[in-house]
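**Student:** Pasting a structure here, questions to come.
Throughout, read-outs are computed from the coordinates displayed, never taken from laboratory work. This structure is a prediction, so every number in the text was calculated from the model and none was measured. A quick note on method: Cβ atoms are made from the backbone with ideal geometry, for glycine too, and the neighbour counts reach across all protein chains shown.
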Amino acid sequence: MSILQQLQSPAALKDLTRAELDQLAGEIREKIIDTVSVNGGHLASSLGVVELTLALHRVLDSPRDRIVWDVGHQAYAHKLLTGRFERFHTLRQLGGISGFPKRRESEHDAFDVGHSSTSISAALGMAAARDCHGGKEKIVAVIGDGSLTGGLAFEGLNQAGHLKKNLIVVLNDNEMSISPNVGAISSLINRKLTSELAVRLKKEAENFLNSVPRFGKDLLKVARRAEEALKGFFTPGMLFEALGFDYIGPLNGHRLDQLIEAFQNVSHLEGPVLVHVISRKGRGYKPAEENPSLFHGIGPFDRESGQPLGSKGGPSSYTGVFGKTLNALAEQDQRIVAITAAMPEGTGLNEFARRFPQRFFDVGIAEQHAVTFAAGLACQGLRPTVALYSTFLQRAYDNLVHDVALQNLPVTIAIDRGGLVGADGPTHHGVFDLSYLRHIPNLTVMAPRDELELQRAMVTALNCEGPFAYRYPRGQALGHELGSLPEPVEIGRGEGLKEGSDGVILALGVVCQEALEAARILETEGLSLAVADARFLTPLDRELICTEARRTGALITVEENVLAGGFGSAVLEVLAEARLSPRVLRLGLPDRFVEQGTQQELRAQCGIDAAGIVRQIRAFLDPEANGSVQSS
């Protein structure tokens, strides 16, 4: 039996030899590769931190000592070492373990994560709480270099340096080229300068110099300046030293002996410490090492070749349609610029960046800055499109309100991953945007039902002289043939898709397809339901809503968004203002965080697939049903 299979807790790592730890590192990598090749997941990041994870758990005493993983893309080795080996095959599946650390899943998961740049702030809070309780446990934040582009990370660093709490921040550097040529020298210097002997000698030297009459304090200042100059020459840690941290590194992230020695040393230091570790994404799996971007977040793939499996040659994804269409629009309009927050590939902007490098901006993981930066561009006559995932747009809410909408600037927000995204789960579902966008003045919000409507939305946005947002889902589009760029649509006007007399289904976004299928099924049962695509969340097509309410007396709204404050709520407000009281059924997502699973599984679970819509409408239109307004 392998070492990994026998491992009951991370405490058992303390009894392993260095050779056994090296063997365990290989077993962990094999298990991660095997599982992700079947389930999909964040492969390259997790493979890159296997030795780092082993070293942390070897030195620390989890769960008493707390490890806070930033984002959590890199936490698969941590899960395997903390009692989840037997369930690891359920990773990211419905009812299985999460792809991210989750407190209710394990006592070893110190903090729920999924969005970047949160670890330092959370870990500092834990350190402050520890001191309030009089505790002695170690608190460690592990953050990747990419997450340091987020402003929240620097806010945490700034306060940590000010408070001087005992806190260890591990910077896992796997992309930025920070002095790699001197890494070995500075690694040696820092590991030796932080040993217990070196720290004791340093303290004794300081005490001696302080005791020298008249000149002691001046000599101590000179000694400290010399130490800082030496470390600054060999290391890139001046920024972190300026923020109040002791800087250690860079260390080789795949040398267990160096990592263990360094963590043993820094665990005795007082105050905030930053340990800089250089690792390689995808370590141990050649395809991931050669193409870490592809294997950052990947679906199922062939283990031997590394080739992704699935929908090759099928319909284009909505993200792909967005990217191609923006390229075509940019060819015609020199004012168009594109902005992304560290996700040019994920948002479909890679080709735009290649073709229009002077009109493309990757701002790093800084969604707030992206939106306000776009506002500045719009003030100078450009037409910026900011492409963000729905769940990450949440960070930029104030910027959208204060910097864009208040000034009525022509900034376009392309909201990718609107609705349920699947296996990444509740941290990544884009299910709140309709609710938090619809009340913002001046902002037009459109939700296309397919890729043709997405193109119309994009053209319409560029013809709008104020802020405009359009929302589209993750995954493959319907396969419609895309021709030349379409004409813009009338803002605030919906579209009838099917006639019917017993009621009307008002749908918004891609759930229009499910609504149409449900209406066809119900028609075979003798129920005649009209279907209309609302197209716009703001402004709503009030005429369409009121006309259908009067004509049929029964309205069913369908949305892939939380029901609270969403599209269905907006329809109810329109009806109340018009003093109309048809029977209303609202279908959408429940008032809870939806866990991971495939998009199809989750839509069925939430009752917004065709079968679920049929089931609920059938009950709603039953003559025995009571009440004028119902919701689900």
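**Student:** DSSP loop (so not H, G, I, E, B), at most 13 other Cβ within 10 Å: list which GluC sites (Glu not before Pro) in region 442-484 pass both filters.
**Tutor:** On the way: sites: 451, 453, 465, 481; in loops: 465, 481.
Qualifying residues, ordered by number: 465, 481.
**Student:** Taking θ = phi - 60°, what integer Hz values does the Karplus form 6.51 cos²θ - 1.76 cosθ + 1.60 yield along region 111-118, in sequence order, with x for Gly and Pro?
**Tutor:** With coefficients 6.51, -1.76 and 1.60, one gets 7, 6, 9, x, 9, 7, 6, 8 Hz.
**Student:** In degrees, nearest 10, range 0 to 90: what is the angle between the Cα axis of helix 119-133 and the longest Cα principal axis of the chain?
**Tutor:** Around 60 degrees separate the two axes.
**Student:** Here's another thing I want to ask about it. Is there a pair in 79/286; 136/281; 165/286 whose C-alpha atoms are over 29 Å apart, and which pairs would that be? Spell out each step's value before the answer.
**Tutor:** Details: 79/286 23 Å; 136/281 33 Å; 165/286 41 Å.
Exceeds cut-off: 136/281; 165/286.
**Student:** Next question, about the same structure. Counting pairs of alpha carbon atoms under 8 Å apart in space and at least six apart in sequence, what relative contact order in percent does region 495-631 give? Please list the in-between numbers first.
**Tutor:** Values: 239 pairs, mean separation 34.9, N = 137.
Computed value for region 495-631: 25 percent relative contact order.
**Student:** Here's a follow-up. Of the beta bridges DSSP finds with both residues in region 397-532, what % are antiparallel, to the nearest 5? Each step should come with its number before you reach the end.
**Tutor:** Numbers: 3 of 14 bridges.
Looking only at bridges with both residues in region 397-532, the antiparallel portion is about 20 percent.
**Student:** Please name which of 452, 308, 608 has its Cα lying farthest along the dipole of the chain towards the positive end, using unit charges on Cβ (Lys, Arg +1; Asp, Glu -1) and the Cα centre as origin.
**Tutor:** Checking the options against the dipole of the chain, the answer is 308.
**Student:** Please give the charge dipole size of region 495-631, origin at the Cα centre, charges +1 on K and R Cβ atoms and -1 on D and E Cβ atoms. Round to the nearest 20 debye. Write out the running numbers ahead of the final one.
**Tutor:** Values: 13 positive and 21 negative charges, 57 e Å.
That gives region 495-631 a dipole magnitude of about 280 debye.
**Student:** About the Cα centre, and with charges only on the beta carbon of Lys, Arg (+1) and Asp, Glu (-1), how big is the dipole of the chain? Nearest 20 debye, please. Spell out each step's value before the answer.
**Tutor:** On the way: 64 positive and 75 negative charges, 339 e Å.
In total the dipole reaches around 1620 debye.
**Student:** If you take every DSSP beta bridge whose two residues both sit in the chain, what share of them, in percent to the nearest 5, is antiparallel?
**Tutor:** Values: 9 of 68 bridges.
Of the beta bridges lying entirely in the chain, close to 15 percent run antiparallel.
**Student:** Output wanted: per-residue J couplings in Hz (rounded whole) for region 509-524, from phi through Karplus 6.51 cos²θ - 1.76 cosθ + 1.60, θ = phi - 60°, x for Gly and Pro.
**Tutor:** Rounded to whole hertz, the list is x, 5, 5, 4, 5, 5, 5, 5, 5, 4, 5, 5, 5, 5, 5, 5.
**Student:** Residue by residue, what Karplus-based ³J(HN,Hα) values in Hz, rounded to whole numbers, does region 402-408 have, using 6.51, -1.76 and 1.60 with θ = phi - 60° and x for Gly and Pro?
**Tutor:** Listing the rounded values in order: 7, 9, 10, 5, 4, 8, 6 Hz.
**Student:** Oh, and also: For the Cα atoms of the chain, what angle does the longest principal axis make with the long axis of helix 256-266, in degrees from 0 to 90, nearest 10?
**Tutor:** 80 degrees
**Student:** Placing +1 on the Cβ of each Lys and Arg and -1 on the Cβ of each Asp and Glu in the chain, which of 93, 249, 411 has its Cα farthest towards the positive end of the resulting dipole?
**Tutor:** Farthest towards the positive pole: 249.
**Student:** Okay, moving on. Skipping prolines and chain starts, which residues have an amide H placed within reach, meaning under 5 Å, of the one on residue 478, given they are 5 or more residues away or on another chain?
**Tutor:** Excluding prolines and chain starts, which carry no amide H, the hits are 451.
**Student:** What number, rounded to the nearest 500 deg cm²/dmol, is the helix-based mean residue ellipticity at 222 nm of the chain, given -39500 (n - 2.57) per DSSP H run of at least four residues and division by all its residues?
**Tutor:** On the way: 24 runs with 251 residues, N = 632.
Value at 222 nm, helices only, nearest 500: -12000 deg cm²/dmol.
**Student:** Taking the convex hull of the Cα atoms, report for the chain its projected area averaged over all directions, in nm².
**Tutor:** Working: hull surface 133.0 nm².
In nm², the orientation-averaged hull projection of the chain is 33.2.
**Student:** Same structure again: When the dipole is taken about the Cα centre of region 318-471, and only Lys, Arg (+1) and Asp, Glu (-1) are charged at their Cβ, what size is it in debye, to the nearest 20? Show your work: numbers first, answer last.
**Tutor:** Details: 12 positive and 15 negative charges, 35 e Å.
Here the size comes out at about 160 debye.
**Student:** Of 129, 348, 432, which is farthest towards the positive pole of the chain's charge dipole, taken about the Cα centre with +1 and -1 on the beta-carbons of Lys, Arg and Asp, Glu respectively?
**Tutor:** Going by the charge dipole, the pick is 129.
**Student:** Let me ask you something else. Taking the chain as the reference, fit the longest principal axis to its C-alpha atoms, fit the long axis of helix 542-552 to the helix C-alpha atoms, and give the angle between the two in degrees, 0 to 90, nearest 10.
**Tutor:** 50 degrees
**Student:** Can you pull out the trypsin sites (Lys or Arg not before Pro) in region 25-126 whose DSSP state is coil and whose Cβ has at most 15 other Cβ atoms within 10 Å? Before the final figure, lay out each step's value.
**Tutor:** Values: sites: 29, 31, 58, 64, 66, 79, 84, 87, 92, 102, 103, 104; in loops: 64, 84, 87, 92, 102, 103, 104.
Answer by residue number: 64, 87, 103, 104.
**Student:** Okay, next question. Got the relative contact order for region 19-94 handy, in percent, Cα pairs under 8 Å and 6 or more residues apart?
**Tutor:** Working: 48 pairs, mean separation 29.9, N = 76.
Relative contact order here is 39 percent.
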